[in-house]
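Reading through the structure tokens given below for one structure.
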Amino acid sequence: MKTKNKIHPWEITSESVYLDRRQFLLAAGLATAAGMTSLALPGQLMAATGDLESVQGPYSTDEPPNSWKDITTYNNFYEFGTAKDDPYDNAQEFRSQPWTVKVSGECDKPGEYHFEDIIGPHTLEDRVYRHRCVEAWSMVVPWVGIPLGDLLKRFDPNSDAKFVRFKTLHDPEQMPGQRRPVLRWPYVEGLTIAEAMHPLTLMVVGVYGKTLPNQNGAPLRLITPWKYGFKGIKSIVEIEFTSRQPHTSWEIANSREYGFYANVNPEVDHPRWSQARERRIGAGVFDEKQPTLMFNGYAEEVAELYAGLDLRKNY
Ligand SMILES: Nc1nc2c(c(=O)[nH]1)N[C@H]1C(S)=C(S)[C@@H](COP(=O)(O)O)O[C@H]1N2
Ligand SMILES: [Mo]
């Protein structure tokens, strides 16, 4: 049965309701819980969503998460249009199962892997992360995912694997935004191998303990919480280990405005606006913008990755 990822009233939720529903999922068990989503879930996902211990992991912020509605109706996914509500409006019919990911490049186990095999034997973790778009809005999102490094190690990257390149599906029939040259399609992104292996980096498959909605990048998307949101490439179909720094979509579109690193940095202005403050979605229209933190507040964890790098030049 194919159900839509439409929002039900019970999905518009705050953190306390989130915790209640997780208890409910635990009690309801796999079959009922899977029926609540549009996809057949790997057992791992349901196991993780029932695990209250993992709600606030060591990497989670204690800031209150945005509502399901904020997270799933206001975002960027240009494959479905450039307005903030376009992804929600236009991604509902997107087919995110079955899904295959091609792994290639500098590794010993390249190949075509099914979604379930990509998830593999890993335990999924809940991580409440700050999320900051380059356009100066931000949210707090309870993602569900696998540390990317754990996932990548299974493909045995070799010593020439200095970077990882990711690619989004190219399917203009399903993705109406790809019928116009807003960006060069397909969307591509990249990380250094050290960034990819950092424990904060997640391959995300869910949000709020539920399967990832299409508009948030189903079935598989990247999250690097210390970087601007555009690094979080969605609906990934290719992972390539490379020896050279890969080109990224926003760099290709405008290299003066967007760099490879894209670390959140309040001290480096975007050419057209300041990056010093941000508007937390859902906080109310009259609320003051709040100061943006270096590395989005994750400096303690990630600053060492950039020791010796000029962060003004390497933005
Ligand atoms: N394939 C693809 N991935 C993408 C984008 C996109 O247009 N296409 N937009 C990016 C941008 S600019 C942001 S801010 C985030 C927003 O989505 P999220 O709130 O679900 O993370 O997705 C990122 N990933
Ligand atoms: Mo963004």
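On the given criteria, is residue 288 surrounded by fewer than 16 Cβ atoms within 10 Å (Cβ to Cβ), modelled with pLDDT under 95 and assigned to a loop (DSSP other than H, G, I, E, B)?
yes
Within segment 194-203, is there a residue that is in a helix (DSSP H, G or I), of a type outside the set (A, V, I, L, M) and surrounded by fewer than 20 Cβ atoms within 10 Å (Cβ to Cβ)?
no
Among what's in segment 133-148 and is more than 9 Å from ligand 1 (Cβ to nearest atom) and of a type in the set (Val, Ile, Thr), pick the residue that is nearest to residue 292 (Cα to Cα).
Among those that are more than 9 Å from ligand 1 (Cβ to nearest atom) and of a type in the set (Val, Ile, Thr), it is 140.
Considering segment 248-275 alone, what residues qualify as being surrounded by 15 or more Cβ atoms within 10 Å (Cβ to Cβ), part of a loop (DSSP other than H, G, I, E, B) and out of contact with any Ser or Thr (no Cβ under 9 Å at 6 or more places or on another chain)?
248, 268
For segment 64-89, what are the residues that are polar (S, T, N, Q) and open to solvent by 40 Å² or more (accessible area, probe 1.4 Å)?
Answer for segment 64-89, where residues must be polar (S, T, N, Q) and open to solvent by 40 Å² or more (accessible area, probe 1.4 Å): 76, 82.
If I filter segment 198-233 down to residues being basic (Lys, Arg) and near ligand 1 (Cβ under 8 Å from one of its atoms), which single residue comes out as nearest to residue 144 (Cα to Cα)?
221
What about residue 66, is it within 16 Å of ligand 1 (Cβ to nearest atom), in contact with a helix residue (DSSP H, G or I) (Cβ under 9 Å, 6 or more places away or on another chain), part of a loop (DSSP other than H, G, I, E, B) and of a type outside the set (Lys, Arg)?
For residue 66, the condition - within 16 Å of ligand 1 (Cβ to nearest atom), in contact with a helix residue (DSSP H, G or I) (Cβ under 9 Å, 6 or more places away or on another chain), part of a loop (DSSP other than H, G, I, E, B) and of a type outside the set (Lys, Arg) - is not met.
Cβ-Cβ below 6 Å, separation at least six or inter-chain, first residue in segment 132-158 and over 20 Å from residue 264 (Cα atoms), second at pLDDT below 95 and open to solvent by 10 Å² or more (accessible area, probe 1.4 Å): which pairs?
146/122; 150/122
Specify the residue that is nearest to the chain's Cα centre (by Cα); the eligible residues are those in segment 231-274 that are within 24 Å of residue 87 (Cα to Cα) and among the small types (Gly, Ala, Ser).
The residue in question is 232.
The values are calculated or read from the model by the stated rules, or taken from the named source; none is laboratory data. In this text, all values refer to a predicted model and were calculated from it rather than measured experimentally. Glycine also receives a Cβ, built like all others from the backbone with ideal geometry; neighbour counts cover every protein chain displayed. The accessibility values were calculated without ligands, DNA or RNA, using every heavy atom of the protein model including side chains. Shrake-Rupley method; radii C 1.70, N 1.55, O 1.52, S 1.80 Å.
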